[in-house]
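In what follows, a structure is listed as structure tokens, so that the remarks can point back to it.
The values are calculated or read from the model by the stated rules, or taken from the named source; none is laboratory data. From a predicted model like this one, the values you see are computed outputs, not experimental measurements. Here Cβ is always computed from backbone atoms with ideal geometry, including for glycine, and neighbour counts include all displayed protein chains.
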Ligand code: PMP
């Protein structure tokens with residue numbers, strides 16, 4: 001990996017200059033939370049657009065609140081630092097941005113009761129998730145964390161062990177991705193993405209009460225389906241076998257973008273090809289993310305001054 005510029009402790013510095021203690025609570029216990037943001041490179045316009053930047057930092061702030069951490073910067077300051085960091089790195093490609101808010105203290109025990117809350121932001125080029133256009137998925141034997149165990153609607157670092165175990169199992173069993181059920185057995189989401197079904201022409205997705213992370217891409221998909229495709233969107237609990245009989249299944253997420261799920265538990269979804277709704281939403285999504293749809297210009301933060 002190149003020695004990129006990163007944001008750490010209020011400054012932009014080279015990644016190789018950052019030192020974080022091996023004793024930190026973040027390293028030892030995963031005490032912290034993070035975000036994943038994409039910035040899309042428009043070759044034609046020679047412009048980089050950060051997608052829904054403010055909403056990501058608002059969610060980071062909500063994650064911090066749930067973890068009893070005070071973010072040392074405002075959402076506006078974090079948005080400005082991110083734009084400055086991207087400029088400093090002079091990226092001319094699609095980029096993944098990773099802000100991390102964490103407990104830097106090296107006090108031995110995993111207490112959240114201290115004020116050593118640090119913010120690190122780093123970024124790197126990122127293409128298509130896993131290089132794939134369609135995914136074969138399987139229901140995981142690991143259940144998604146519930147709100148009575150770890151707050152699932154935050155991007156708490158420690159919670160990603162649950163995601164990692166589910167992904168590991170899926171890959172070891174020859175699938176591309178896992179689908180986790182809630183503790184009550186309803187469909188929840190993928191390890192790092194939300195899930196949608198097309199059923200009788202309606203777009204269906206698990207509701208926030210079913211322990212999902214309320215994805216920013218999910219919100220974008222629901223908006224585009226309603227506004228641009230005139231579809232009815234239903235947020236409700238979804239049974240496992242509803243996936244098998246769905247007209248379409250697809251994932252949404254910052255890294256995953258909008259990608260078809262063509263098989264679940266070795267059952268083909270419809271004809272086993274990427275469906276029409278997924279294709280249309282994907283097209284609309286990229287148009288919006290690349291700043292080409294004026295109606296959604298407020299979703300895009302341009303990085304370079306023109
Ligand atoms: N669920 C989980 C568990 C995730 O980690 C992510 C990725 N942030 C998502 C859903 C999708 O959220 P978003 O669209 O905001 O990236």
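Need a quick list: strands (runs of 3 or more DSSP E) entirely within region 1-92 having at least 3 residues that are under 22 Å from residue 289 (Cβ atoms).
37-42, 47-51
Can you say whether residue 166 is touching a strand residue (DSSP E or B) at 6+ places or on another chain (Cβ under 6 Å), within 11 Å of the ligand (Cβ to nearest atom) and part of a helix (DSSP H, G or I), as far as the supplied structure shows?
Criteria met by residue 166.
Looking only at region 5-16, which residues are touching a strand residue (DSSP E or B) at 6+ places or on another chain (Cβ under 8 Å) and farther than 18 Å from residue 78 by Cβ?
14, 15
Of all residues in region 179-190, how many are within 11 Å of the ligand (Cβ to nearest atom) and either part of a strand (DSSP E or B) or surrounded by fewer than 22 Cβ atoms within 10 Å (Cβ to Cβ) (or both)? Outline the logic, then answer.
Just the residues of region 179-190 that are within 11 Å of the ligand (Cβ to nearest atom), to begin with: 180, 188-190.
Among the residues that remain, those that are also either part of a strand (DSSP E or B) or surrounded by fewer than 22 Cβ atoms within 10 Å (Cβ to Cβ) (or both) are: 180, 188-189.
Result for region 179-190: 3.
Right, residue 208: closer than 30 Å to residue 290 by Cβ and touching a helix residue (DSSP H, G or I) at 6+ places or on another chain (Cβ under 8 Å) or not?
No; evaluated as a whole, the condition is false for this residue.
Got at least one residue in region 122-140 being in contact (Cβ under 8 Å) with a residue 24 or more places away in the chain, over 14 Å from the mean Cα position of the chain (by Cα), surrounded by 22 or more Cβ atoms within 10 Å (Cβ to Cβ) and within 30 Å of residue 87 (Cβ to Cβ)? Steps first, please.
First pass over region 122-140, keeping only residues in contact (Cβ under 8 Å) with a residue 24 or more places away in the chain: 122-130, 132-140.
Now narrow it down to the ones that are over 14 Å from the mean Cα position of the chain (by Cα): 122-125, 127, 130, 132-140.
Then keep just the ones that are surrounded by 22 or more Cβ atoms within 10 Å (Cβ to Cβ); that gives 123, 135, 137, 140.
Add one more test, that the residue is within 30 Å of residue 87 (Cβ to Cβ), and what stays is 123.
Yes, some residue in region 122-140 is in contact (Cβ under 8 Å) with a residue 24 or more places away in the chain, over 14 Å from the mean Cα position of the chain (by Cα), surrounded by 22 or more Cβ atoms within 10 Å (Cβ to Cβ) and within 30 Å of residue 87 (Cβ to Cβ).
Which of (1) modelled with pLDDT under 95; (2) under 27 Å from residue 48 (Cβ atoms) does residue 155 not meet, given it meets every other one?
(1)
I need the full set of residues from region 152-163 which are in a helix (DSSP H, G or I) and either near the ligand (Cβ under 9 Å from one of its atoms) or closer than 24 Å to residue 244 by Cα (or both), in order please. Steps first, answer last, please.
If we filter region 152-163 for residues that are in a helix (DSSP H, G or I), which is where we start, we get 157-163.
Once the filter is applied, which keeps residues that are in a helix (DSSP H, G or I) and either near the ligand (Cβ under 9 Å from one of its atoms) or closer than 24 Å to residue 244 by Cα (or both), region 152-163 yields 159, 160, 162, 163.
Of the residues that sit in region 191-203 and are closer than 17 Å to residue 167 by Cβ and in a strand (DSSP E or B), which one is farthest from the ligand (Cβ to nearest atom)?
In this case the residue turns out to be 195.
In region 271-290, how many residues are buried (at least 19 other Cβ atoms within 10 Å of the Cβ) and not in a loop (DSSP other than H, G, I, E, B)?
8
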